[in-house]
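Have a look at the structure below, then the notes.
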Amino acid sequence: MTQKERRDAAPEMSFEEAFRRLEETAQALEEGNLTLDEAARLYEEGMNVAKLCNRLLSATEVRITRLKNAYLEETGDAFLNDDGLDDEDGLA
């Protein structure tokens, strides 16, 4: 798979797949048995995958916030505090 193909495929990866690939990339870089070109390529790929992980996490955070706000608007029930825990017993 070429670098361009990897970049094009990256948005289709799930968070778990991307995180696993990031771990593999970091491990390969830490082992150090790479040429300078291979290390630079892996570093670039890792940065792209890290950006994807960050985008996926941010999108999930927005989605959860919207769901929480929609629930609060529908029910008028403010039993959830800022950390998402039930105020009475610390459970969601």
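What follows draws every value from the coordinates through simple rules; no lab data is involved. A quick note: this is a predicted structure, and the numbers were derived from the prediction, not measured. Every residue, glycine as well, gets a Cβ built from its backbone with ideal geometry; the counts of neighbours run over all protein chains shown.
Which whole-number percentage describes the relative contact order of segment 3-75, with Cα contacts under 8 Å and a sequence gap of 6 or more?
Values: 33 pairs, mean separation 29.6, N = 73.
Relative contact order of segment 3-75: 41 percent.
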| remark: FRET efficiency (E24, V62; Cβ distance; R0 41 Å; to 0.05) is 0.90
